[in-house]
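So the structure is just underneath, and the comments pick up after that.
The values are calculated or read from the model by the stated rules, or taken from the named source; none is laboratory data. Because the structure is a prediction, the values reported are computed rather than measured. Counting neighbours? That spans all protein chains shown, and the Cβs are built from the backbone with ideal geometry, glycine included.
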């Protein structure tokens, strides 16, 4: 599944770039001499590449690199030193991370679904989801998903130290990785039966280890910019202000559903939100509260600042894909997904490589 989907996307992205015209305002190319690589360096990719090559910066009231967590660009810098090209390093890093993430997802699905056909469908749906091209781009999606899945797999095996390590790496990759610290505490207390204060202390210690990635980044920001929460304070410059979206829900609804026309971005993000929330709620009944809380909060936290990019953030909600893999034992649903997902994937990929913001 990895090779079939990634090779197809590599060819599709290249063809979309050379045959379809981008908008006049499309930003300059990062790798203009190699279009096979350039198509995977769009939008946020520029921030990661800048951090890897030149380091962090903070400009008040302007989009700044401090909004992006350090582990991906740190690895990007290391791989770039080996291959000599930061964009190639990012593409290799993302592809390797996604290959390992699919393996981890397959193992976890086998443990939780107890059915190879359902597990195979879940892995396939994740690989062909309409925004799954971000797993190949110079973005953190593939690396973040890898740490999340390894942490949950270790939790399922009751291997607490490995779960804490996965959580720490996830919290150093993107802000929602800190949710795994809460998952660690919840799962440890559930497994130990909450028999006394020592269980609470050990659970809190595990959660603290799981949050070391975020804490380390905050320490760096405090030393470098005198603001340990700089990653949070610059969100407004990216049109993301936590809680500010609440007052905009009614105008958004009226503009898109009453006075029209409906924005395709908003519709796509709301459909992704509905998919992620529904799958997470079903996962609560099937595999426990931790799976549901991780999935729900992974979407609801960014949703509190707007609908933007929810169709990308839902890629982290792996329980929803497991639920879909089980539900699609009905042949008509499986066939429908296998038709619709790749169709939208090709369309959104073509838009992304031509400078049209997707997620």
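With 320, 328 as the choices, which residue is closer than 12 Å to residue 129 by Cβ and touching a residue at least 40 places away in the same chain (Cβ under 8 Å)? Explain how you work it out, then say what you get.
On the way: 328 fails: closer than 12 Å to residue 129 by Cβ.
Among 320, 328, only 320 is closer than 12 Å to residue 129 by Cβ and touching a residue at least 40 places away in the same chain (Cβ under 8 Å).
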Subset tally (residues that are over 23 Å from the mean Cα position of the chain (by Cα), modelled with pLDDT under 80 and surrounded by 14 or more Cβ atoms within 10 Å (Cβ to Cβ)) for segment 226-247: 0
Filter segment 310-349 for residues that are surrounded by fewer than 22 Cβ atoms within 10 Å (Cβ to Cβ) and either more than 29 Å from residue 18 (Cα to Cα) or at pLDDT below 95 (or both) and give the result. 326, 327, 328, 329, 330, 331, 332, 333, 334, 335, 336
Name the single residue that is surrounded by the most Cβ atoms within 10 Å (Cβ to Cβ) among those in segment 63-84 being at pLDDT 95 or above and either in the same structural domain as residue 211 (by TED's automatic domain parsing) or in a loop (DSSP other than H, G, I, E, B) (or both). 69
Can you report the number of residues in segment 179-201 which are buried (at least 20 other Cβ atoms within 10 Å of the Cβ) and over 23 Å from residue 126 (Cβ atoms)? 4
Looking at 117, 151, 127, can you tell me which residue is assigned to a helix (DSSP H, G or I) and out of contact with any helix residue (DSSP H, G or I) (no Cβ under 8 Å at 6 or more places or on another chain)? 117
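Here is a list: 43, 36. Which entry is within 29 Å of residue 346 (Cα to Cα), outside any helix (DSSP H, G or I) and either touching a residue at least 12 places away in the same chain (Cβ under 8 Å) or assigned by TED's automatic domain parsing to the domain that holds residue 286 (or both)? I'd like the intermediate steps shown before the answer.
On the way: 36 fails: outside any helix (DSSP H, G or I).
Of 43, 36, the one residue that is within 29 Å of residue 346 (Cα to Cα), outside any helix (DSSP H, G or I) and either touching a residue at least 12 places away in the same chain (Cβ under 8 Å) or assigned by TED's automatic domain parsing to the domain that holds residue 286 (or both) is 43.
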Inspect all residues belonging to segment 163-170 and state whether any of them is in contact (Cβ under 8 Å) with a residue 60 or more places away in the chain and crowded, with 24+ Cβ neighbours inside 10 Å. no
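Just checking, which of 169, 143, 165 is out of contact with any strand residue (DSSP E or B) (no Cβ under 6 Å at 6 or more places or on another chain), in the same structural domain as residue 94 (by TED's automatic domain parsing) and within 19 Å of residue 96 (Cβ to Cβ)?
On the way: 169 fails: in the same structural domain as residue 94 (by TED's automatic domain parsing); 165 fails: in the same structural domain as residue 94 (by TED's automatic domain parsing).
Answer to the check: 143.
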What is the number of the single condition among (1) at pLDDT 85 or above; (2) surrounded by 15 or more Cβ atoms within 10 Å (Cβ to Cβ) that residue 255 does not meet? (1)
I'd like to verify a number: residues in segment 173-204 that are touching a residue at least 12 places away in the same chain (Cβ under 8 Å) and part of a helix (DSSP H, G or I), how many? 20
Condition set surrounded by fewer than 20 Cβ atoms within 10 Å (Cβ to Cβ) and closer than 14 Å to residue 179 by Cβ, scope segment 265-300, selection farthest from the chain's Cα centre (by Cα): answer is 289
